[in-house]
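The structure appears right after this line, and notes come after that.
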Amino acid sequence: MNYPISYADEEEKNYVRRKLIEYNAQHVPEHLKTRYEEINLAIKDKDGTVVGGLLAVLCWNWIEVDILWVDLAYRQKGVGTQLLNKIEKIALEKNCTFIKLNTFSFQAPNFYRKNGYEQYALLEHAPEGASHYYFKKSIAPSAE
């Protein structure tokens, strides 16, 4: 039987997300079941204008960076590295074991490599004429 498919509205989208989270929680250790939170960072100039930001989600024992953006005028000035350093510090404080993220060949794969991220996957022709890179960085407490 074919069931009708429609575009989900906001309420339906949230329901589907909640149901998957409930299902997943049955398959992870007890101490990780409720570990899910958005972590959104912004850097502003002296006038209060956002010149860079990082949008991420802490999920179980990792943080996934969804978006890291820096205004063109502020690139190559350490803003992106500052954002990565902050999310790595947060990951460490929250006992995460790694950070993962993705980028395109026309964005910043070399930037992430320079900051210690290791490529673990690559999709070619995604989008056409470019590649889609996936990176991961292990987070461990420093030995003092």
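Values quoted throughout were computed directly from the atomic coordinates according to the rules given, and no laboratory measurement underlies them. No experiment lies behind these values; they were computed from the predicted model shown. Glycine gets a Cβ as well: all are built from the backbone with ideal geometry, and neighbour counts include every protein chain shown.
On a 0 to 90° scale, report how tilted helix 10-25 is relative to the longest principal axis of the chain, with both axes built from alpha carbons and the result rounded to the nearest 10. Between the helix axis and the principal axis of the chain, the angle is about 90 degrees. Give me the count of lysine pairs in the chain whose alpha carbons sit under 14 angstrom apart, restricted to pairs 8 or more positions apart or on different chains. Number of lysine pairs found: 9. Projecting the Cα atoms of ASN110, ASN85, PHE98 onto the charge dipole of region 30-138 (Cβ charges, centred on the Cα centre) puts ASN85 farthest toward the positive pole.
In plain terms, the residue of VAL79, VAL50, VAL65 with the fewest other Cβ atoms within 10 Å comes first and the most crowded comes last, giving VAL50, VAL79, VAL65. Each of LYS137, LYS114, LYS46 was scored by other Cβ atoms within 10 Å of its Cβ. Arranged with the fewest first, they read LYS46, LYS114, LYS137. In degrees between 0 and 90, to the nearest 10, how far off the longest principal axis of the chain does helix 79-93 point, with axes built from Cα atoms? For 79-93 against the chain, the angle is about 50 degrees.
Assuming charge only on the beta carbon of Lys and Arg (+1) and of Asp and Glu (-1), the dipole of region 49-144 about its Cα centre is about 240 debye to the nearest 20. The VAL16 and ASP71 beta-carbon pair, evaluated with R₀ = 35 Å, returns a calculated FRET efficiency of approximately 0.55. Counting 0.36 nm for each residue step from GLU64 to PHE104 and taking away their Cα separation leaves a gain of 12.8 nm.
Of CYS96, CYS59, how do they rank once you tally other Cβ atoms within 10 Å and put the fewest first? Placing the least packed residue first, the sequence is CYS59, CYS96.
Answer rounded, prolate or oblate for region 32-82, using the Cα gyration tensor with square roots of eigenvalues a ≥ b ≥ c: rounded when a/c is under 1.5, else prolate when a/b is larger than b/c, else oblate. It is prolate, given that a/c is not under 1.5 and a/b is the larger ratio. Note on ASN85/ASP47: beta-carbon distance plugged into 1/(1 + (r/R0)^6) with R0 of 30 Å gives a FRET efficiency of 0.80.
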